[in-house]
Amino acid sequence: MQSDPAPTGGTASDRPVIKTSAALVGDGTDIAQARHLAVGFLTRVQAEHGLPVSQRAMDLTQLVVSELVTNARKYAPGPVLLDLKIAGDTVEVVVWDSDPVLPIARAADAGRVGQHGLEIVMAVAQGFEAQREPVGKRITARIALADDPGGAVSGRHPL
């Protein structure tokens, strides 16, 4: 895990940037490796930085990491980069892959077998963003670290 100091002259927080990264090379263990990295990262965030991380955040982060890395492995040739970063009261899960085509969530279909990963990520994440990069694309999902007192799974309140 990397803990980078915040830039000087920064804004509201003097907290260090807490992040970790991994390059996944497609050896068949990528998805499990990514999930283990996520759990280890959040466990260290609690132990070393004293930030509260709920069991729900642990579980959802593993789920989001698993779905995003699975999609990258399935649809993009080459390496996959995974970044995990604490941003305020959320963990950002960022997955980069070499395919420039942005993912599109399909309409809900209870009869469809598989291909629900992006729908799941968007349903449980507090925020979601997909953007093209000079090479490939970068997908970012944000998950609240603490449980929502109102009981919303994603940390968002229903409309």
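The values are calculated or read from the model by the stated rules, or taken from the named source; none is laboratory data. Just so we're clear, the structure is a prediction, and the values are computed from it rather than from any experiment. Heads up, the Cβs are rebuilt from the backbone with ideal geometry, glycines too, and the neighbour counts pull from every protein chain shown. Ligands, DNA and RNA are excluded from the accessible area calculation, which covers all protein heavy atoms including side chains. Shrake-Rupley method; radii C 1.70, N 1.55, O 1.52, S 1.80 Å.
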Residue separation between ALA32 and ALA87 times 0.36 nm, minus their alpha-carbon distance, gives in nm 17.4 nm
How much of the accessible area of region 75-129, probe 1.4 Å, is carbon plus sulfur, in whole percent?
63 percent
Per 0.36 nm of contour for each residue apart, how much would the distance between SER21 and GLU129 grow if the chain were fully extended, relative to their Cα-Cα spacing?
37.0 nm
Taking the Cα centre of region 15-159 as origin and charging only Cβ (+1 Lys, Arg; -1 Asp, Glu), how large is the dipole, in debye to the nearest 20?
120 debye
Probe 1.4 Å, accessible area per residue of region 20-159, Å²:
51 Å²
